[in-house]
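The values are calculated or read from the model by the stated rules, or taken from the named source; none is laboratory data. Keep in mind that what you see is a predicted model, and the values were worked out from it rather than measured. Don't worry about glycine lacking a Cβ; one is built from the backbone with ideal geometry, like all the others, and counts go over all protein chains shown. Areas reflect the complete protein model, heavy atoms only, side chains present, ligands, DNA and RNA absent. Shrake-Rupley method; radii C 1.70, N 1.55, O 1.52, S 1.80 Å.
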Amino acid sequence: LLATPCSAPFLGTAVGFALAGTIFDIYAVFAALGIGMALPFLVITLYPAVAGNLPKPGAWMVKVKYVLGVALAATAAWLISVLAVQISVPAAVTVGGLMLALGLTLICKRRLGQRGHKFATATVLAIVVVAFVAPFQLSQSAGPSAKSEAHWIAFEPDRIPRLIAEGKTVFVDITAEWCITCQVNKTLTLNRGGIHEVLASGGTVVAMRGDWTRPDTKISAYLKSFGRFGIPFNAVYGPARKNGIILPELLTADLVWNALSTASGGSILARKNSK
């Protein structure tokens, strides 16, 4: 609940360790997380004088409200874009339009009389209900992502041993549109420089991507087999490391190069140095 499925980079290790461990591990880790989140309130309760050092209420709070409002609006726009991938573009457009209508209704409510308030309240409730129902009515079957590069093949874990037997090195990327860390990894590492070249070469390295934007039991089972419950998740398989090398949540070019080289038995590193 705290980390959501996208648990990197801070809570991924802790939550993964807890859920893969004993009951004691689960209670200990989540108790520590709860205490940490409650710590500011506990400190003020134990030492009320601390509250005197907090900023005094004033006009600055209005400015902060506007800043946070813009941040929330940007988050809503991003979530609408995720909905377009998860469900369909018509569903995302419909929900976005309904949210705008909801905002306008709340603005108009301030200027209406008592009867108008009741009508506006009923309108708000109706919009909320329709916003929840509309995506189910406008959903479409998941197809290939428009953002996916051609060199990425569909995630098929049963195919990995066969590719290794053919002398291939397999780079697995489990990602999702709603995972910000996944997008950062793509932008800064996987889609840049030599890493992108070797993944897109179509030679001895096979790029395999699993899209977890929509729930997928195959991907969930794969993650669970490594004691993981969140993404991003990246692993490299090869003739020298048939069981795979698990990479950290945040990728760097050196980490990926080293994993590819180790899994391939050094041939990938030799290819890199030859360039």
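Summary of computed values
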quantity: Identity of the residue in the range 153-184, among the polar types (S, T, N, Q) and under 24 Å from V82 (Cα atoms), that ends up surrounded by the most Cβ atoms within 10 Å (Cβ to Cβ); calculated: T175
quantity: Within the range 237-247, tally of residues that are in contact (Cβ under 8 Å) with a residue 24 or more places away in the chain and not in a strand (DSSP E or B); calculated: 2
quantity: Verdict on Y66 being open to solvent by 90 Å² or more (accessible area, probe 1.4 Å), closer than 30 Å to F233 by Cα, hydroxyl-bearing (S, T, Y) and at pLDDT 85 or above; calculated: no
quantity: Residue check for G202: assigned to a loop (DSSP other than H, G, I, E, B), over 29 Å from L83 (Cβ atoms) and open to solvent by 60 Å² or more (accessible area, probe 1.4 Å); calculated: yes
quantity: Close pairs (7 angstrom Cβ cut-off, 6 or more residues apart or separate chains): under 16 Å from W178 (Cβ atoms) in the range 64-88, of a type in the set (S, T, N, Q) and modelled with pLDDT of 90 or more anywhere; calculated: none
quantity: Residue tally, condition open to solvent by less than 100 Å² (accessible area, probe 1.4 Å) and either hydrophobic (A, V, I, L, M, F, W, C) or at pLDDT 90 or above (or both), over the range 36-47; calculated: 5
quantity: Cβ pairs under 6 Å, 6+ apart, first in the range 25-45 and within 16 Å of L11 (Cβ to Cβ), second part of a helix (DSSP H, G or I) and of a type in the set (S, T, Y); calculated: none
quantity: Cβ-Cβ under 9 Å pairs, at least 6 apart or on other chains, the range 98-124 side closer than 18 Å to A76 by Cα, far side open to solvent by 80 Å² or more (accessible area, probe 1.4 Å) and among the hydrophobic types (A, V, I, L, M, F, W, C); calculated: V124/L106
quantity: Where F229 falls short, out of the listed (1) open to solvent by less than 50 Å² (accessible area, probe 1.4 Å); (2) more than 18 Å from A150 (Cα to Cα); (3) not in a strand (DSSP E or B); (4) not charged (D, E, K, R); calculated: (1)
quantity: Meets criteria (charged (D, E, K, R) and in a helix (DSSP H, G or I)) for K218; calculated: yes
quantity: Listing of helices (runs of 4 or more DSSP H) fully contained in the range 71-183 that carry 1 or more residues being among the aliphatic types (A, V, I, L, M) and farther than 30 Å from F233 by Cβ; calculated: 89-109, 114-137
quantity: Test result for T187, open to solvent by 50 Å² or more (accessible area, probe 1.4 Å), β-branched (V, I, T) and under 19 Å from the mean Cα position of the chain (by Cα); calculated: yes
quantity: Filtered residue count, the range 14-32, keeping only those that are over 20 Å from the mean Cα position of the chain (by Cα) and open to solvent by less than 40 Å² (accessible area, probe 1.4 Å); calculated: 3
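So that you can scan it fast, the table gives a plain yes or no per residue for (1) of a type in the set (D, E, K, R); (2) open to solvent by less than 50 Å² (accessible area, probe 1.4 Å):
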site: A91; (1), (2): no, yes
site: V95; (1), (2): no, yes
site: A101; (1), (2): no, yes
site: L106; (1), (2): no, no
site: R110; (1), (2): yes, no
site: H117; (1), (2): no, no
